[in-house]
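For reference, the structure discussed in these notes is given below.
The values are calculated or read from the model by the stated rules, or taken from the named source; none is laboratory data. Everything numeric here is computed off the predicted structure, so don't read it as measured data. Backbone-built Cβ (ideal geometry, glycine too); neighbour counts: all protein chains shown.
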């Protein structure tokens with residue numbers, strides 16, 4: 001799609017990538033969409049550890065937009081995300097507050113309880129990612145529809161997931177008939193709905209792409225998302241390897257110290273054992289060079 005080089009934010013590296021990776025492949029598009037839409041208010045329903053929400057906030061920060069952001073979640077979990085304790089929200093706050101508290105609010109609440117906090121026609125970008133049953137996602141969409149502005153875009157995650165009670169796909173196939181739409185199949189699937197009647201021109205063009213351009217655009221962001229998740233996997237593997245190397249080095253030092261301590265007590269059997277098994281000076285120098 002023409003104009004991608006005018007939105008370099010989509011190539012930015014995210015500041016927050018947790019072990020909840022389901023949304024990671026869509027972060028480059030989230031950056032791009034915030035730049036394209038320039039929303040006055042972003043609301044996310046269902047935040048968990050905050051990878052998607054912090055991507056929206058990071059884009060707002062780096063683009064220096066005059067945008068307010070709100071995340072709504074009970075931070076108690078559900079049948080699809082699992083049940084989790086207060087530590088999840090505490091960890092998110094430690095990352096979020098120092099970077100984004102000037103324009104962003106984390107609201108610990110049910111989605112329905114949070115509705116009165118938002119004026120009608122005030123939300124420009126709504127991300128729905130709560131309980132993924134058909135009934136739940138339909139209820140969330142219908143309940144929050146009056147809160148959407150005339151330029152609003154709605155994101156629905158997990159439209160490619162089937163089974164385990166997931167019903168987002170079914171709802172997506174219904175609702176996309178009523179609005180201009182675009183969908184990604186990678187990263188569990190992401191649906192983009194242009195619910196507003198006065199969409200920004202670039203957003204309208206995105207949603208109106210023909211088959212060839214849609215395929216190219218989808219492949220482009222799938223490649224960006226895959227590169228991001230690959231980098232994350234490599235970093236995780238490298239960190240794990242460093243931990244294992246450090247543990248082995250600690251064990252080797254502990255064994256050597258225990259052998260030396262026993263030998264210093266005068267047991268002649270240990271003297272013979274040391275000669276046959278203890279680490280040589282060459283071993284120690286090799287460890288030192290490798291940083292062990």
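Numbers at a glance
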{"quantity": "All helices (runs of 4 or more DSSP H) inside region 134-222 with 3 or more residues being closer than 17 Å to residue 34 by Cα", "calculated": "201-207"}
{"quantity": "Test: residue 72 is modelled with pLDDT of 95 or more, under 22 Å from the mean Cα position of the chain (by Cα), under 23 Å from residue 156 (Cβ atoms) and assigned to a helix (DSSP H, G or I)", "calculated": "no"}
{"quantity": "Where a residue in region 185-210 is on the phi > 0 side of the Ramachandran plot and surrounded by fewer than 21 Cβ atoms within 10 Å (Cβ to Cβ) and its partner, wherever it lies, is assigned to a strand (DSSP E or B) and at pLDDT 95 or above, with Cβ under 9 Å and at least six apart", "calculated": "188/157; 189/156; 189/157; 189/183"}
{"quantity": "Long-range neighbours under 9 Å by Cβ, at least six apart or interchain, first residue free of Cβ contacts under 8 Å to residues at least 24 places away in the same chain within region 163-176, second surrounded by 15 or more Cβ atoms within 10 Å (Cβ to Cβ) and assigned to a helix (DSSP H, G or I)", "calculated": "169/134; 172/137; 174/138"}
{"quantity": "Single residue of region 17-43 satisfying the filter (at pLDDT 95 or above and part of a loop (DSSP other than H, G, I, E, B)) that is farthest from residue 199 (Cα to Cα)", "calculated": "40"}
{"quantity": "Residues of region 115-137 satisfying the condition of being free of Cβ contacts under 8 Å to residues at least 60 places away in the same chain and over 21 Å from residue 22 (Cα atoms)", "calculated": "115, 116, 117, 119, 120, 121, 135"}
{"quantity": "Test: residue in region 47-65 that is modelled with pLDDT of 95 or more and either farther than 19 Å from residue 14 by Cα or assigned to a strand (DSSP E or B) (or both)", "calculated": "no"}
